[in-house]
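The next block holds one structure in the form of structure tokens; read it before the comments.
The values are calculated or read from the model by the stated rules, or taken from the named source; none is laboratory data. Small disclaimer: the values here were computed from a predicted structure and weren't measured. Counting neighbours? That spans all protein chains shown, and the Cβs are built from the backbone with ideal geometry, glycine included. Note: areas computed on protein heavy atoms with side chains; ligands, DNA, RNA excluded. Shrake-Rupley method; radii C 1.70, N 1.55, O 1.52, S 1.80 Å.
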Amino acid sequence: MTRDEAEGFLTEVGGKADGGFPLLEAALACAVHEDPVRDPEQVRSFAADAARRLKTRLQRESPEEALAETMAGDMRLAGDLMTYESPENTDVISIVQRRKGLPVALGVFYLDAARQAGLDVKGVDFPGHFLLRIETGEGPLALDPFSEGRVVLPSELTRRALHAGLTPNVAERLDALMAPTSDRAVLIRLQNNIFARAVAVRDFARAERSALRRALLDPADHRPWIDVAAAREGQGALAGALQALANAQRLDGGATLAARVARERVRLKLN
């Protein structure tokens, strides 16, 4: 798959409804879009093996135990504590090679295996730290893919929410803290993570690619185009920045104040 083919695939899935969103394949397209000179088949083989092992474990273990033991034990996926800021932690191809990553990137593999095995598992857009929600006979449980899929108790969810800055009345509402999110939103969160890290180290080319992927995955949202414009401006590509800002204004009915202000700033640089 080339970078252009990856963009074409993301454009195609971006135009579809959330139901049946191909999370793993879309994440794989994002990884190829970032660095096309790699073999994507290793990810598909890894995912197929994980699903087979999970189905076997489900015959004798509870859903939450089987999922954690398969992904963290059998497949050796874990959070990267030593090189947390490494770009490789956000890339599904690199994760298969290293068996380490960030919560949301690891969550992609958990979600894919769970779906293939018939489990009801969804992502949770928890502030500051992505989690998973698995439905069990005793009710929903929160799992942390960064901590080897361990169960996160309600008291710990509240503590984490308070630490992330939520007010006590919100932090104590488990229904809100564990609200499931779509697979599309999971992948967009991953691209947001890549964008923030790239901007922090002034890698504006990488920031542009991640913002563009967000724009393709959610073509009705004007905000990724504002980030595309900022990344292009950081590279000195002012004409491209203006084009991205025009896209943002078009999608938001011309009412995007931030886009208008940024567009005028870029125009002044061109004069």
field: Total residues in the range 13-34, condition more than 18 Å from Tyr110 (Cα to Cα), at pLDDT 95 or above and out of contact with any Leu (no Cβ under 8 Å at 6 or more places or on another chain)
entry: 2
field: Test for Thr56: is it open to solvent by 30 Å² or more (accessible area, probe 1.4 Å), hydroxyl-bearing (Ser, Thr, Tyr), part of a helix (DSSP H, G or I) and within 27 Å of Glu138 (Cα to Cα)
entry: yes
task: Filter the range 118-138 for residues that are open to solvent by 10 Å² or more (accessible area, probe 1.4 Å) and closer than 15 Å to Glu69 by Cα and give the result.
output: Leu119
query: Can you name the number of the only condition in (1) without any contact (Cβ under 8 Å) to a residue 60 or more places away in the chain; (2) surrounded by fewer than 23 Cβ atoms within 10 Å (Cβ to Cβ) that Leu141 fails?
result: (1)
- request: Could you list, in sequence order, all residues of the range 97-117 that are out of contact with any strand residue (DSSP E or B) (no Cβ under 8 Å at 6 or more places or on another chain) and open to solvent by 10 Å² or more (accessible area, probe 1.4 Å)?
  value: Gln97, Arg98, Asp112, Gln116, Ala117
statement: Filter the range 62-81 for residues that are of a type outside the set (Val, Ile, Thr) and open to solvent by less than 10 Å² (accessible area, probe 1.4 Å); the one that is farthest from Leu106 (Cα to Cα) is Ala66
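If you go through the range 10-49 one residue at a time, how many are open to solvent by 50 Å² or more (accessible area, probe 1.4 Å) and either assigned to a loop (DSSP other than H, G, I, E, B) or not β-branched (Val, Ile, Thr) (or both)?
16
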message: Suppose we filter the range 144-155 for residues that are surrounded by 13 or more Cβ atoms within 10 Å (Cβ to Cβ) and over 17 Å from Leu67 (Cα atoms); how many remain?
response: 1
